[in-house]
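Values quoted throughout were computed directly from the atomic coordinates according to the rules given, and no laboratory measurement underlies them. These numbers come from a predicted model, not from an experiment. FYI the Cβ positions are ideal-geometry reconstructions off the backbone, even for glycines, and counts take in every protein chain you see.
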Amino acid sequence: MISERLKKVEPAPTLAIDAKTKQMIKEGVDIVGFGVGEPDFNTPENIKEAGIQAIRANRTRYTAAAGIPELKTAVADKLKRENGLNYKPSEIVVSCGAKHTLFNIFMALLNPGDEVIIFSPYWVSYPEQVRIADGVPVFIPLDESRNFEIDFDRLERSITRKTRAMIVNSPSNPTGAVLSEDSLMKLAETALKHSLLIISDEIYEKFIYNGKRHISIAAFMKEADDQLIVVNGVSKTYAMTGWRIGYLASHNREIVSAVDNLQSHSTSNPASMAQWAAIEAVQTPDSVVQAMASEFDRRRRHILKRLRGIPGLTCVEPEGAFYVFPNFSAFIGKTIRGRRVSGSLDLADILLNEAKVAVVPGIAFGSDSHFRLSYATSMENIDKGLDRIADTLKQAR
Ligand SMILES: Cc1ncc(COP(=O)(O)O)c(C=O)c1O
């Protein structure tokens, strides 16, 4: 019944635990949730107002498949103003969220058997999207002891005749790692040397800490800027996950028009009123976003301190996004209240049952000895959840 293409797509390993969490919440169990990948802030008022105005002005019809010219111009202006990048409105395609943008890119780019390099830990959808597009994900483990930096020898050895692209995600989901300028430069060199495309997912660019500044790899791709696709969106930066607006920017005309064409036959266009709201979003004063970023930073420092205070857990300091990715390998092989911990699914299940805390098992991101916590939740929840996790892990034997 099911196509060969979709048979290759794995059901999310976290499905069972997600379902159990939802069921427990429904039954009224007091669960502290660290699972969600979205800001807990509301969409700023000026953006909501722009969406409402668009509906009132009857901007409720089909638009151009790649997005309204006004939004593409506003995105081009944003890329120039904030990232120092020169893209024309015609080099931008707006889609229904950055996830959709990425999906379109893989569909447009890959032939059966084409390889895409994915650094691991990775965002959960990259490998599955590559598989849906008949590509082959090739995983390169990042070096946790060096803040999840890239091992370039290993990268070189993994490139084959079939390698088409590399996905760069800095700041990263799930580790929060921010790649160094040196790594970005070397990645650009590698892409040039092997004629590979770089897909740079910059969705967390504004959530970056310790005085760091986001640098787009585009800064180092000037010699071969048609080998780069920048992916971004409004979901995380402006607390707009439900509006579904993401975009790509690329000087590669072939890819831009292939994605436009594909989109015109699939979703047509992203929702018209959401596009008008996104114009307001990309023009929102930076102070509004900075207020959210500094609240995330306060929570980040607190949750990191709490995690590092739990014997047996180690945690690399995340410098971006809104996730922490603690390593619990010291607990593997131990038992907690009679349950053996053999991997991240067990640990997450034990934390759910015993601590009433929901986390995402690291296996979803390619590591079975980590779990992910999102700190897009209140300080009270962070303390309550971390107290519970500490109490439960204390019982490991
Ligand atoms: C790394 C990364 N890229 C892309 C996305 C997709 O964002 P959206 O489709 O909401 O724009 C997410 C969302 O979780 C993400 O974490």
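By the gyration tensor of its Cα atoms, with a ≥ b ≥ c the square roots of the eigenvalues, what is the shape of region 125-284: rounded for a/c under 1.5, prolate for a/b over b/c, or oblate?
Note, shape of region 125-284 comes out oblate.
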How many nm separate the modelled label positions at residue 301 and residue 88, each set 7 Å beyond the Cα in the direction of the Cβ?
4.7
Okay, helix-only estimate at 222 nm for the chain: each DSSP H run of n ≥ 4 adds -39500 (n - 2.57), divide by all residues, round to 500 deg cm²/dmol; what do you get?
-12000 deg cm²/dmol
What spacing in nm lies between the two simple spin-label points modelled at residue 265 and residue 70, each 7 Å away from Cα in the Cβ direction?
3.1
Largest-first principal axis extents of the Cα set of the chain (Å)
60, 53, 52
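So which of 80/206; 7/186; 8/99 end up more than 25 Å apart, counting from Cα to Cα?
7/186
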If amide H atoms are built 1.01 Å from N in the plane of the peptide, which residues on other chains or at least 5 residues away come under 5 Å of the amide H of residue 360?
372
Could you tell me the calculated FRET efficiency between residue 1 and residue 125, based on Cβ-Cβ distance and R0 = 22 angstrom, to the nearest 0.05?
0.35
Comparing 322, 220, 106 in a Gaussian network model of the chain (Cα, 10 Å), the one with the largest mean-square fluctuation is 220
Calculate how many DSSP beta bridges within the chain are antiparallel, expressed in % of all such bridges and rounded to the nearest 5.
50
Please compute the net charge surrounding residue 250, taking Lys and Arg as +1 and Asp and Glu as -1 over other residues with Cβ under 9 Å from its Cβ.
-2
Let me see the pair-distance distribution of region 81-150: every alpha carbon pair, 10 Å bin width, integer percents in order.
18, 35, 33, 13, 0
Compute the distance in nm between two label points, each set 7 Å from the Cα along the Cα-to-Cβ direction, one at residue 29 and one at residue 210.
3.6
Let me make sure I get this right: for region 60-113, a, b and c are the square roots of the gyration tensor eigenvalues over alpha carbons, sorted descending. Under 1.5 in a/c it's rounded, otherwise prolate if a/b > b/c, else oblate. Which is it?
oblate
Counting only DSSP beta bridges with both partners in region 64-183, the antiparallel fraction in percent, to the nearest 5, comes to 10
Considering just Cα atoms, how many Å³ per residue does the convex hull of region 1-126 enclose?
244
So for each of 55-61, 184-190 I average, over its residues, the number of other beta carbons within 10 Å; can you give me the resulting order with the highest mean first?
184-190, 55-61
Residue 115's amide H: which non-local residues (gap 5+, or another chain) put their own amide H closer than 5 Å, with H modeled 1.01 Å from N in plane and none for Pro or chain starts?
136, 163, 164
Looks like region 312-358, by Cα gyration tensor root eigenvalues a ≥ b ≥ c and the a/c under 1.5 rounded cutoff (else prolate when a/b is bigger than b/c, oblate otherwise), is oblate
Between residue 56 and residue 391, what length in nm is gained on full extension when 0.36 nm per residue of separation is reduced by their alpha carbon distance?
115.3 nm
Relative compactness, region 259-335, computed as alpha-carbon Rg over 2.2 N^0.38 Å
1.79
For region 31-43, 3J(HN,Hα) per residue [Karplus equation, 6.51 cos²θ - 1.76 cosθ + 1.60, θ = phi - 60°, Hz, x = Gly/Pro]:
8, 9, x, 10, x, 6, x, 9, x, 8, 7, 8, 4
Where Lys and Arg each count +1 and Asp and Glu each count -1, what net charge lies around residue 272 among other residues with Cβ under 13 Å from its Cβ?
+3
List the residues of region 374-391 whose backbone N lies under 18 Å from a point placed 7 Å from the Cα of residue 339 along the Cα-to-Cβ direction.
385-391
